[in-house]
Amino acid sequence: MSAPITPDNLTVPRKDVTGKPTLIGLTREAMREALIEMGTPEKQAKMRVGQIWHWLYFKGVTDFGLMTSLSKAYRAELAEVFTLERPEIVAKQISKDGTRKYLLRIAGGHEVEVVYIPEKNRGTLCVSSQVGCTLTCSFCHTGTQKLVRNLTAGEIVAQILVARDDLNEWDNTPFDKRMLSNIVLMGMGEPLYNFDNVRDAMKIAMDPEGISISRRRITLSTSGVVPEIARAGEEIGCMVAVSFHATTDEVRDTLVPINKRWNIAALLDALRNYPRLSNSERITFEYVMLKGINDSDADAHRLVKLIEGIPAKINLIPFNPWPGSPYERSDWKRIETFGDIVNAAGYASPVRRPRGEDIMAACGQLKSETERARKSRKQIAEEAGL
Ligand code: SAH
Ligand code: SF4
C-alpha cells in the first residue's frame, strides 16, 4: 500500500487574504523568532511575545493599534509587517436549538465550517482541521468532498477566535463561566493527518495566559490513524475519541476504510497504550448507529468484549442523513437497546442528541457547498492508498 496522503505540500504559507503573514497561530517560540526577524531586539523579544499574546488571546483584539502596552512606534511597525485579520464569516446560521454554524472563508478562497453547540453547563466548539478529507468513510458527508488542503495552525485557532468574537467572550478569567468551554476536533477532516498544525493550535488554545481551555476539555476525534495516536497523547495531551463504528474488521473496512490499513486489533492496541488513561480520563468510542449495518445486539456484545479493560465511554451517534447518503438511522428503540447492553457491561453509553440538524450542522453533515470539484470515492480511496 502506498503512503497515505499527508498533504503538507498543499498547506499554504501562513498568510491571510491581505498577503501579510499573520501572528495568529504561531507558537510562542515561532512568534519570538518572527518578532526578531522584524527587528525586535533579541533581549526584548520574549517580553514582547508575552504582551502581544495577552492582547491576541486574552483580550481578542484584531488591531495592533489597540495594544496600548506597546509603544506607538512599535505598534505601527507590527502593523506594517503583520496582520491579525480574521477569516471572513461568509454565513452564520443559528439553529432553533441554539447551535450556531459559521462558514468561514480562508486563504485561497476555501471554506470551512465551525459549529458552536451550547449546552446547559458548557458550550462546545466543533473545529475543523482540513478542508475536505482524504478518507472516505461511507456514512460521512465530508468524506465525499476531496481533500483540498490542511488548515494552518492559524486557521484552526482563528475558528476559536471568530466564535469568541461572536459570543462576545473576551477578557474573562479562567474562573468566569465560559460560553465556549470545550473544544472538539470533530469538524471537517482527519486531525491526525494534520498533526503539527493541530498540535500548535491546541497548545495555543490551552495556554493559561490566553484562551486557557484545559487539555481535559479538548477532545480530538480520529478515524484511527494508529501511529499518531500515542503522539497525540504525548505532544497535545488532550482527550481522544475514536470513530469506532463497527465490531468486525469486515464491517469496519466498509464504513471506515482506514481500517484496511490499521485494523481493529491495531487500533485497540494503540488506545490501550494512550497516556494517562484512567476513570477520569477515558477514551470516547464513537459509534454511529446505522440501521441493519452495525446495530444488532450481537454488535453491542462484541463491542464491550473488544474494549474490555480500556477506561472508556461509548458515544452512540444516531446517523445524520445527508443528500444521497446510503444509510438510514437506526430506530430509537434499537439505539436504546444497544445502549442498555453497553451500559450493563459498565460503560456509560450516552446517545449524542443531533444538534443543529435544521442547518446541516450535525455530525457528519459538514461540507462546504462551494467545494464542487469532487472525485469519486474510488478515486480518493486509491490516492489514499486504501
Ligand atoms: N475525522 C474525524 C473527526 C470528524 S467526524 C473522525 O472521523 O473521527 C466526527 C464524528 O462524526 C466521527 O465519529 C464521525 O465518524 C461521525 N460522523 C461522520 N458522519 C456522520 C453522520 N452522517 N452521522 C453521524 N455521525 C457521523
Ligand atoms: Fe474524514 Fe472523519 Fe468523515 Fe471519515 S468520518 S471521512 S475521517 S471526516
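Each value in this text was obtained by applying a stated rule to the coordinates, not by laboratory testing. All of these numbers come straight from a predicted model, not from anything done at the bench. All Cβ positions, glycine included, derive from the backbone under ideal geometry; neighbour counts span all protein chains shown.
Annotations
- Projected area, mean over directions - segment 79-169, Cα convex hull, nm²: 7.5
- In range of the label at Ser71: residues from segment 16-55 whose backbone nitrogen is under 11 Å from the point 7 Å along Cα→Cβ: 41
- Helix-only mean residue ellipticity at 222 nm for the chain, each DSSP H run of n ≥ 4 adding -39500 (n - 2.57), per residue, nearest 500: -8500 deg cm²/dmol
- Burial ranking of peptide ranges 47-60, 128-141 (average Cβ count within 10 Å, highest at the top): 128-141, 47-60
- Highest mean packing comes first when the peptides 153-163, 283-293 are listed by Cβ atoms within 10 Å, giving 153-163, 283-293.
- Kirkwood-based Rg to Rh ratio, segment 27-147, C-alpha trace: 1.08
- Counting every alpha-carbon pair across the chain, the share separated by more than 33 Å comes to 30%.
- 20 Å tail of the calculated P(r), segment 18-81, as % of Cα pairs: 15
- Gain upon complete extension [Lys291, Arg122; 0.36 nm per residue less C-alpha separation]: 57.7 nm
- Annotation: the antiparallel percentage among DSSP beta bridges lying fully within the chain is about 50.
- Built amide H within the under 5 Å cut-off of Ile317, gap 5+: Tyr287, Val288, Met289, Arg352
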